[in-house]
Structures are given as C-alpha cells and as structure tokens.
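The structure under discussion appears below in the form of structure tokens.
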Amino acid sequence: MIHVKKAQPAPPDAQESLQQSVTALLAQLQIGREATAQDMSQRLDGYFGPLEVIQDAVVEACARVPQALKDDICYAHENIATFAATQRNSIHDIEVELRPGLRVGQRLIPVDHVGCYVPGGRYSHIASAIMTVTTAKAAGVRHIAAVSPPRLGAIAGIPDSIIYTLNLCGADRILALGGVQGIAAMAYGMFGLPKADILVGPGNQYVAEAKRQLYGAVGIDMVAGPTDSMVVADHTADPFVVAWDLIGQAEHGANSPVWLVTDSANLATEVARLAPICAKELPEPNRTAALAAWQNLGEIIVCADREAMATYADAKAPEHLHIQANDLEWWKGRLRAYGSLFLGANTTVAFGDKAAGSNHVLPTSGAARYTGGLSVHKFIKTVTWQQVDAPALEELARVTAAISRYEGMEGHARTADIRRNRPRLGQ
C-alpha cells in the first residue's frame, strides 16, 4: 500500500474549549429558558424577529416558493418517504411460545416527541429537512418539532424553501432558532414545545457537542463529526469523474476528509492532478472550503488488489463509500463498514445526499464500524414482554430459583419459589 497523497497533521485539539463553552451555554439556557434563547439568537445570529413560524407565515412562505422547486422537493420527498415506509414495514411485533405456557414477544413503539435540527448557516439544507422529518413521520412519531438558524433577509426568519419542506414532510412546529439554543429549546421543552425524546439532524460543532452533552437526558441520532467520503476505484474509473466526486464532497468544509483508494497508479496520479483544478472552478465560499479540505485532508492510497482496497475501506469506515470498479456485486457483498454505499460510476454521493431515497444523516469519523445512519429504527423502541401460564410454571420457577441462589440472590429465588407453591397465584 502506497500513500500517493497524505493528509496534513491535525491542528491542536480545541475540543476541550468547545466542550466548556457548550456546557456553559446549556447551563444558561436551562435556567433562563426562553428569555436566554431569544437573547442568544439576537446576540449570536443578529435576529430580532419572531422565533416561531406560525401557521399563517407557513402558508405565505409556501406560496412564495417557485412551483419548479416545489416539484423537485416533492420528488425527493416521495423517494425518501417511500424508502422510510418500506423500512418501517420490514419490522414487526412478534410473539413466540418458547415452551408450552411460556410466551414472549416484542413490541415496536414509536417515541412520542422528536426534535429535528435543520442546518442553515452557509447553505439552506432542504435535504436535511426532508431526511429527518420524513423519517420520523414514517416511524409513527406523534409530534415533530423542527428548528433552523434564522437567515437575515428571510421574511419568516428562515428560508421559504425550508419552511415549505418542513411543512410538506409533517413538522408540527417550526422555530427560527439555531445553534445550542435551538437544540436546548427542543431538549428542555421551550416555547411550548414538548420535551424531545430524541434529537436528530446534522449541525456545526456546537450543535454536535450540545447533542453529545444532552445524550442520556434525551436520545440522539449519533455524535457527528465533519462529513467524510471515500471513492474506491479501479483502472476502469474515469479520473475526471473521480476527482469531481471527491471535490463535490470536500465543499462541505475545510475539515471534511476525502479519500481515493485505488489499485491503479495511473488513476491516482491523474486524480491528484485534476482535483485542485476542479476545486478552483467552484464559486466562493465553496472553492476555499474544497481546496483546504483537499490540500490538508485529502488522501490517495494505492493498494495491491481489490481485497486490499476493501480491507482499507473497512478499516476507515467512511460515512460515504463510492465504488467505481468492476464487479459491483462482489463489492456489495464484501464491504462491511460504511454509512451508505454508492455502487457504480453513475451513483454519485450527491444523489443520496439529496433525493435518491436513503437517508443522508450518517455516521462519521469511523463510527460506521458499529452503527448505521438515521432510519425509522432510530425513532422506534423495541420493547419485550413475557407471560407465564401454568404448563411452564414449575420448571421455569425451579430453574430461576436455582440460578438465583447460585448467584447469591435469595430474594429473586423466593419470588420464583412462591409461584411453585401457589400455582394459581393471580388467576
């Protein structure tokens, strides 16, 4: 394995300072609640308008969205909703009689209240609104709140396109509130919102850290870092397409790693030449972000064969894994660690990011080794139940008492014993 291009050493870690800042902000918000959230919105975002997007404002915002954009959003929403509904239909309540008189089962119960964060700083993330709210709706969640950072110049506080999308997908409440204060509003139940059972959606480092610190008191989808993407390509790949696929993901930000893994030295050399040229074609601020990500965090690795390429990909566990190589079925069956897999040169990562149907809220920073992305499963609690009737009682109670006494748990043993001695208990 040869590193044709290596990432630069990481700068000193500022994580401790970030953690302290977020801890302080959350403490202030927990005490000051709505007044503090509004003050933070004014100081940090320069926004002095109403924080809630009321229904009349929703209707007016939807009317301002061009029909062509509405049609495109509906196309994406239909794909994502259909995929999420199919996921939901693939899991079921179950019941099994393990032995005569011993029945156990599972129930799938949606959480009641979800808080969705929709980024809105540098870009207006229509796709994030679809991915989070639509999936929660398909899971059967009762109440969905959504927050998005206020955008100066937006009539209703946040872009009309975001409001239209959130309304289309089924958000019950919409707030023009970003950052830590937006997360806290949903977690603590501010502005009349019910306290969220789970918080989902991508955001900047402050949003990610706030979710991490709140985890436990509420659920979260994942602890997300900067987005990352890997292209695995053999000699058949087009270097121009590969270069653009890498740069297309690098525009997320200067801290977004991208990797090319290949068995072709010629492809590696040509992509290394083309990638900065592609980045320079982007408008600002995308150009600066993509160039910095490529120069500092971009890597090109040449491996001996496809098995070595697959092994490297599994070890890296990228958020997005794009295969541009022969024998796609082999790759689909062999690879084991990725947030989402994109098979074939036609299947650019941007399709999954925006409209193809699978969810784009995915594990980053190698977390794909142990978890997948956002899905209906995240909004559903899988709980179990059991019921014991007379035919199973004697043997089950005997075994339970024996194991309990071996462990030294006499109280457990006696609760089993009394059911052997009083078999009609509770009937």
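Every read-out reported here was derived from the displayed coordinates using simple, explicitly stated rules and does not represent laboratory data. Worth saying up front: this structure is predicted, and the values here are computed from it rather than measured. Quick reminder, even Gly has a Cβ in these numbers, built from the backbone with ideal geometry, and neighbours come from all protein chains shown.
Using the Cα gyration tensor of segment 226-372, with a ≥ b ≥ c the square roots of its eigenvalues, what is the shape: rounded (a/c below 1.5), prolate (a/b larger than b/c) or oblate (neither)? It is oblate, given that a/c is not under 1.5 and a/b is not larger than b/c. How many angstrom lie between the Cα centre of segment 225-245 and the Cα centre of segment 29-60? Between the Cα centres of segment 225-245 and segment 29-60 lies a distance of 41 Å. Against the main long axis of the alpha-carbon atoms of the chain, helix 179-188 sits at an angle near 20°. Relative to the longest principal axis of the Cα atoms of the chain, the long axis of helix 160-169 makes an angle of roughly 30 degrees. Anisotropy class assigned to the chain is oblate, per the alpha carbon gyration tensor with a/c at or over the 1.5 cut-off and a/b no larger than b/c.
What does the C-alpha gyration tensor say about the overall shape of segment 1-74? Classify as rounded when a/c is under 1.5, otherwise prolate if a/b is larger than b/c, or oblate. Taking the square roots of the gyration eigenvalues as a ≥ b ≥ c, segment 1-74 is oblate. For the chain, the longest principal axis of the alpha carbon atoms and the long axis of helix 205-214 meet at an angle near 10°. Once backbone amide H atoms are built at 1.01 Å from N, Leu175 has Val53, Ala146, Val147, Ser148 as its partners under 5 Å, excluding neighbours fewer than 5 places away on the same chain.
For the chain, which span is the longest to avoid every loop-located (per DSSP) member of trypsin sites (Lys or Arg not before Pro) having at most 16 other Cβ atoms inside 10 Å? In the chain, the maximal stretch lacking such sites is 196-335. When you count the other C-beta atoms within 10 angstrom of each residue and take the mean per peptide, 234-242, 317-325 line up highest first as 317-325, 234-242.
For a 22 Å ceiling on Cα separation, which of these pairs sit above it: Lys195/Lys381; Lys211/Lys381; Lys5/Lys280; Lys195/Lys378; Lys354/Lys378; Lys70/Lys381?
Lys70/Lys381, as the Cα separations exceed 22 Å there.
With contributions of -39500 (n - 2.57) from each DSSP H run of at least four residues, the per-residue ellipticity at 222 nm computed over the chain stands at -15000 deg cm²/dmol.
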